[in-house]
Amino acid sequence: MDRQVFWKVAAVVVIIMALQLQCTVSKATVSQYSPQYYVVGDSLGWTVPPGGAATYANWTVGKTFFVGDILYFNFTNGLQTVVTVRKTVFDSCPNISTTISLNSPVTVTLSVEGENYFICGLPGHCQNGQKLALNVTATPASTPSGLINITSITSSTTSAASSRVGVMCFFVISLFTTAINVAFFL
């Protein structure tokens, strides 16, 4: 084999390896966000907190809430309410009769980016600290192309999206390899 053909073949091998690596990275970064489940107040649940409003504010510290995450408000049936409110209502703590539910647990799927506010609408409860404010951010996207996110290499890589990436990569590599064989060796 002469030197010119050798370098052409070497270049083709490098291109094929680069395509395979790119396909592997593409498959690894296909991820679907799995919502997190939070029990509001943990073992305390949803009640008039002994520590006042700071109790639920402290509960949110260190947590990142994303669109799609789910809050569980656990309480004794009939003794609490859960009301989604605007900031002005959150700050003023009026008694509110419109509730999400009087029956525990109340499940709330976070669907709005930004600040979300919840209070108990029963007399004196919000004023005594039974209120929750939290910031909800957009669902995390997959890792930018070229980086491998090890945490995303889970069962989500066997998802339909990942399968489509794998089939597409296999097709492109096969087509490219066939074209090279035709061009150089026939």
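The values are calculated or read from the model by the stated rules, or taken from the named source; none is laboratory data. It should be emphasised that the depicted structure is a prediction, and the values quoted were computed from it without experimental measurement. Don't worry about glycine lacking a Cβ; one is built from the backbone with ideal geometry, like all the others, and counts go over all protein chains shown.
Please go through segment 83-103 and give me each residue that is out of contact with any helix residue (DSSP H, G or I) (no Cβ under 9 Å at 6 or more places or on another chain) and surrounded by 18 or more Cβ atoms within 10 Å (Cβ to Cβ), ordered by number. Listed by number, the residues that qualify are V85, F90, C93. When the test is whether a residue is touching a strand residue (DSSP E or B) at 6+ places or on another chain (Cβ under 8 Å) and surrounded by 21 or more Cβ atoms within 10 Å (Cβ to Cβ), F66 does not pass it.
Could you say whether any residue in segment 27-38 is in a helix (DSSP H, G or I), modelled with pLDDT under 90 and of a type in the set (K, R)? The answer is yes, given that some residue of segment 27-38 is in a helix (DSSP H, G or I), modelled with pLDDT under 90 and of a type in the set (K, R). For the condition at pLDDT below 80 and closer than 22 Å to W46 by Cα, T109 does not qualify. Consider Y117 carefully, then state whether it is surrounded by 14 or more Cβ atoms within 10 Å (Cβ to Cβ), touching a Pro at 6+ places or on another chain (Cβ under 7 Å) and either under 21 Å from G41 (Cα atoms) or at pLDDT 90 or above (or both). So Y117 fails the test.
Test V83 against the criterion of being outside any loop (DSSP other than H, G, I, E, B), under 17 Å from V48 (Cα atoms) and under 28 Å from the mean Cα position of the chain (by Cα), and give yes or no. Yes: the conditions hold for V83.
One residue stands out in segment 120-157 among those that are assigned to a loop (DSSP other than H, G, I, E, B), aliphatic (A, V, I, L, M) and modelled with pLDDT under 80: the one that is nearest to K63 (Cα to Cα), namely A141.
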